[in-house]
Amino acid sequence: MPVVIELKQAKGNDTLLRMFCEGLAYACALRRAWDGGSFKAEWKAAMDRYGITLVDGETIHEIPVILLAPAEFWDRKVGKPGVRSREKVPDGAWQPFLELIKLSKSKGYPIHFVSLDIIIGSGLAVKIPGVT
């Protein structure tokens, strides 16, 4: 089934809230296109071409939203223990932000934070930050 990936560059200036909102907006648009548009038929045709059978092609119960960025981005936005950063999410903002994440999941939009770094010559290194 489809999934939304919101990607940010290492030096990106967006806040975590903006990243979250953009990913969630894309997921809402995807659900609307699936339920009320032609996207469901297009998806099924694409899956059929590759021999993939949909388990339940009628309804999307969840649309995962993956917020993906290099470690440098997460280090600046989430912070590292003992390191100050003016771009870091203020301590008082975490609780309401985490409530938004829980609410999104309860509405069928689970949010996942993923760090992805490509290291030249050694392949791919995937890390998942403490918030998922």
query = Short version: what are the Cα gyration tensor semi-axes of the stretch 1-123, square root of 5 times each eigenvalue, largest first, in whole Å?
reply = 32, 19, 11
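Under a 1.4 Å probe, what is the accessible area of the stretch 6-109 per residue, stated in Å²?
Numbers: 6820 Å² over 104 residues.
Ligands and nucleic acids excluded, the result is 66 Å² per residue.
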key: Kirkwood hydrodynamic radius of the stretch 1-47, Cα pairs, Å   = 12.1 Å
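Using per-residue counts of other Cβ atoms within 10 Å, averaged over each peptide, order 33-42, 12-21 from highest down. Walk me through the intermediate numbers first.
Numbers: 33-42: 13.6, 12-21: 16.1.
My ranking of the peptides, most packed first, is 12-21, 33-42.
The values are calculated or read from the model by the stated rules, or taken from the named source; none is laboratory data. A quick note: this is a predicted structure, and the numbers were derived from the prediction, not measured. Glycine gets a Cβ as well: all are built from the backbone with ideal geometry, and neighbour counts include every protein chain shown. Calculation scope for accessible area: heavy atoms of the full protein, side chains included, ligands and nucleic acids excluded. Shrake-Rupley method; radii C 1.70, N 1.55, O 1.52, S 1.80 Å.
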